[in-house]
1. Touching a residue at least 24 places away in the same chain (Cβ under 8 Å), surrounded by 18 or more Cβ atoms within 10 Å (Cβ to Cβ), among the acidic types (Asp, Glu) and touching a Phe, Trp or Tyr at 6+ places or on another chain (Cβ under 8 Å) - does that describe any residue in the range 140-151?
2. What number goes with the only condition from (1) at pLDDT below 95; (2) in contact with a strand residue (DSSP E or B) (Cβ under 7 Å, 6 or more places away or on another chain) that PHE35 does not pass?
3. On the basis of being part of a loop (DSSP other than H, G, I, E, B) and out of contact with any His (no Cβ under 6 Å at 6 or more places or on another chain), does GLU105 make the cut?
4. Please specify each residue of the range 44-92 satisfying the condition of being exposed (fewer than 15 other Cβ atoms within 10 Å of the Cβ), touching an Asp or Glu at 6+ places or on another chain (Cβ under 8 Å) and assigned to a strand (DSSP E or B).
5. Could you pull out the residue among GLY24, GLY78 that is farther than 23 Å from VAL136 by Cβ and over 18 Å from the mean Cα position of the chain (by Cα)?
6. Among the numbered conditions (1) of a type in the set (Gly, Ala, Ser); (2) surrounded by fewer than 20 Cβ atoms within 10 Å (Cβ to Cβ); (3) over 27 Å from SER141 (Cβ atoms); (4) free of Cβ contacts under 8 Å to residues at least 60 places away in the same chain, tell me where GLY39 comes up short.
7. Counting only residues that are at pLDDT 95 or above, out of contact with any Asp or Glu (no Cβ under 7 Å at 6 or more places or on another chain) and among the aromatic types (Phe, Trp, Tyr), how many does the range 157-181 have?
8. Would you tally the residues in the range 156-168 being loosely packed, with under 11 Cβ neighbours inside 10 Å and at negative phi?
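The values are calculated or read from the model by the stated rules, or taken from the named source; none is laboratory data. Values in this document were obtained by computation on a predicted structure and should not be read as measured data. Here the Cβ positions follow ideal geometry from the backbone for every residue, glycine too, while neighbour counts run over all protein chains shown.
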Amino acid sequence: MEIVTTKIPDLLIIKPTVFRDDRGYFFESYNKEFFLSHGIDQNFVQDNESKSNKGVLRGLHFQRPPFSQGKLVRVVKGAVLDVAVDLRKSSPTYGQWESIELTEENKFMYWVPPGFAHGFITLKDNTVFSYKCTNVYNKASEGSIQWNDPDLNIDWGNGIQPVLSEKDKIGPLFNNFVSPF
């Protein structure tokens, strides 16, 4: 595996070593010792998976403390544009975002630490998205930020008309947001 740093500290891209042959492929999607050696000292307690058609946008979501979650995300089938926004008030990159395309072909993973809002838009039909979480989901602690917030100015792609949940249509704007992190 290879760790690639981003412009936002602690937000990491993980590129697994994929072994391919005429039978298919094999790779480690998680190795605790490797992650520990790269400063990701987390205990994953919940795994989640979603399936979505092209154009579904899920996010930007987070969990407030004490249920804040770090997420190790990846695509099993299909492709997404994955986005993380730094919500850590003391961070020099507060309010900044990064994105990466995660696909079934590249097998990249994205480490999104606690203190970030997270979301993705599916780029293909029948996309299967999987993630490990460092804390359990708690409905009373869920939060969100508007996916198309003008202050964040996230580039989701040209002419995007996403399919959204009712919850994701009404998230607060960033300039009205009081970070719990």
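1. There is at least one residue in the range 140-151 that is touching a residue at least 24 places away in the same chain (Cβ under 8 Å), surrounded by 18 or more Cβ atoms within 10 Å (Cβ to Cβ), among the acidic types (Asp, Glu) and touching a Phe, Trp or Tyr at 6+ places or on another chain (Cβ under 8 Å).
2. For PHE35, the exception is condition (2).
3. On the way: part of a loop (DSSP other than H, G, I, E, B): yes; out of contact with any His (no Cβ under 6 Å at 6 or more places or on another chain): yes.
When the stated conditions are applied, GLU105 passes them.
4. If the condition is that a residue be exposed (fewer than 15 other Cβ atoms within 10 Å of the Cβ), touching an Asp or Glu at 6+ places or on another chain (Cβ under 8 Å) and assigned to a strand (DSSP E or B), then VAL76, LYS77 are the ones that fit.
5. GLY24
6. (3)
7. Total satisfying the criteria: 1.
8. Total meeting the criteria: 3.
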